[in-house]
Amino acid sequence: MQKKNILYIHHSGRLGGAPKSLSLLLEKIDKTRFEPIILALQNGPAIEMLKKTGAKVIVKPWLFPFHGSTVSGMPFSHLVKNYLFVIPTFFGARRIIKKINPDFIHLNSTCLFTFAAAAKSINKKLKVITHVREPLLLNLFGKILKVANYRYTDGYISICKNDQSRMLLKNKPATVVYNFINFSDYNPGITNRVLRDELQLKNDAIICLSLARISKPNGILELIERFKALNKSFTKFKLVVVGLKQNNSYEKKCIEAAKSNPNIFLLPFRTDATALIASSDIMLCSFTAPHFSRAIIEASAMGKPTLGNNIGGVDELIDDAKTGYLFNIHSQQDFEEKLSKLKDEKHREVLGRNGYSFAQANFDAEKNAQATFKFYEQFLEL
């Protein structure tokens, strides 16, 4: 049986959930049936991670995504790039796709519809699917992504129901396959004291970890305000936010808000996520814009209870009152009520065990990768 060439198109070279998920998928691909090729639009540390999967990686930094999701937002720079580069990217994509001549194309984000349009202009029968990894913006650019993905792609794999709900589905094949993890890398057996030692915290301190970029959609400022307003009965709780990177006005505002509070620590972005989670007691997710949180599923796999803002995407990853708690980030009373439930160590252990079982059922790399490859079969003659 001749192997099928699958072209994976990825939009960034930065480390993050999308390249990590793609690398995990390609680690599971059957290379006796498929020949994976990755076209990446930027250089960066994620490229080395993708190369380790054994796939051929091509980097073309003169091609650009078309932004329109809540993750990228719409700063002026993205607005300009959308208008300036969509046509050159279309023609550049045509040349590359013609040269590679793939049997199938997997877009790793909705922002890559230009490549689907280029593929269809070469061969209308060439099948293209979109991996929906973020909710679309509720504006003109989100609508462009919604309509263009529907027009030029043949099906959708969404990482959660919330993200899928913003796509135009109609009669297109679509499925939800949650982002996933290898339990060899994330499991309750991993122990670490890195945060406790680095921050010189006592053994009875309850470390609440936030692994997210310090940005407005991630609700870090609101989380800091909730912690600052806690009364003395919560002094054992320590907030550790790992994600300082941009040195922008929002980060500076968060640093100023947290200043002089001995229970709040803002740390730079770092790559030792496993050690950070293992050394914490609770995973916090304060997203104020709907989005999937990889930190939640990694923490659950490591047997850590989770506390997340009750918002789209997050509400699918926490089984409320079983693996953790959902709360209202804008309500101090609700935050304190849910946080107080996590004071008891034995209760945290129960929630953590439930979280591990929940992660095994929903976020297992082997099962979810196979579900992805099963979805391919309706588009390929195997």
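The values are calculated or read from the model by the stated rules, or taken from the named source; none is laboratory data. What you see is a predicted model; the values in this text were computed from it and never measured. In this analysis, Cβ positions are derived from the backbone assuming ideal geometry, glycine residues included, and neighbour counts consider all displayed protein chains.
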Worksheet item: For region 360-382, which residues satisfy the criterion of being touching a residue at least 40 places away in the same chain (Cβ under 8 Å), in contact with a strand residue (DSSP E or B) (Cβ under 9 Å, 6 or more places away or on another chain) and either assigned to a loop (DSSP other than H, G, I, E, B) or of a type in the set (A, V, I, L, M, F, W, C) (or both)?
Response: Phe363, Ala365, Ala371, Phe373, Phe375, Gln378, Phe379, Leu380, Leu382
Worksheet item: Being modelled with pLDDT of 95 or more, farther than 30 Å from Asp154 by Cα and touching a helix residue (DSSP H, G or I) at 6+ places or on another chain (Cβ under 7 Å), is that true of even one residue in region 368-375?
Response: no
Item to complete: Mind listing just one residue for me: the one in region 192-243 that is among the hydroxyl-bearing types (Ser, Thr, Tyr) and touching a helix residue (DSSP H, G or I) at 6+ places or on another chain (Cβ under 9 Å) and, of those, farthest from Thr271 (Cα to Cα)?
Response: Ser233
Worksheet item: Which of the residues that make up region 234-249 are of a type outside the set (Lys, Arg) and at pLDDT below 95?
Response: Gly243, Leu244, Gln246, Asn247, Asn248, Ser249
Item to complete: Could you list, in sequence order, all residues of region 291-333 that are assigned to a helix (DSSP H, G or I) and either modelled with pLDDT under 95 or of a type in the set (Lys, Arg) (or both)?
Response: Arg294
Practice prompt. Consider Asp163 carefully, then state whether it is in a helix (DSSP H, G or I), on the phi < 0 side of the Ramachandran plot and among the acidic types (Asp, Glu).
Written response: yes
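Taking region 80-95, which residues are modelled with pLDDT under 90 and in contact with a helix residue (DSSP H, G or I) (Cβ under 8 Å, 6 or more places away or on another chain)?
Step one: filter region 80-95 for residues modelled with pLDDT under 90, giving 80-83.
Within region 80-95, Asn82 is the sole residue that qualifies.
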Practice prompt. Under 6 Å between Cβ atoms, at least 6 apart or on separate chains: pull out the pairs that start in region 135-156 with a residue that is more than 24 Å from Val314 (Cβ to Cβ) and end on any residue that is assigned to a helix (DSSP H, G or I).
Written response: Ala148/Phe113; Tyr152/Phe113; Tyr152/Ala116; Tyr152/Ala117; Tyr152/Lys120; Thr153/Ala116
Discussion item. I need the full set of residues from region 70-95 which are in contact with a Phe, Trp or Tyr (Cβ under 9 Å, 6 or more places away or on another chain) and either surrounded by 18 or more Cβ atoms within 10 Å (Cβ to Cβ) or closer than 30 Å to Lys216 by Cα (or both), in order please.
Written reply: Met74, His78, Leu79, Lys81, Asn82, Leu84, Phe85, Val86, Thr89, Gly92, Ala93
Fill in: Hits in region 20-35 (condition: without any contact (Cβ under 8 Å) to a residue 60 or more places away in the chain and either basic (Lys, Arg) or within 12 Å of Asn108 (Cβ to Cβ) (or both))
Ser23, Leu26, Lys31
Response to the item:
The number of residues in region 157-193 that are acidic (Asp, Glu) and either free of Cβ contacts under 8 Å to residues at least 60 places away in the same chain or farther than 19 Å from Phe375 by Cβ (or both) is 1
Worksheet, complete the sentence: Given (1) under 25 Å from the mean Cα position of the chain (by Cα); (2) modelled with pLDDT of 95 or more, Lys98 misses just (1)
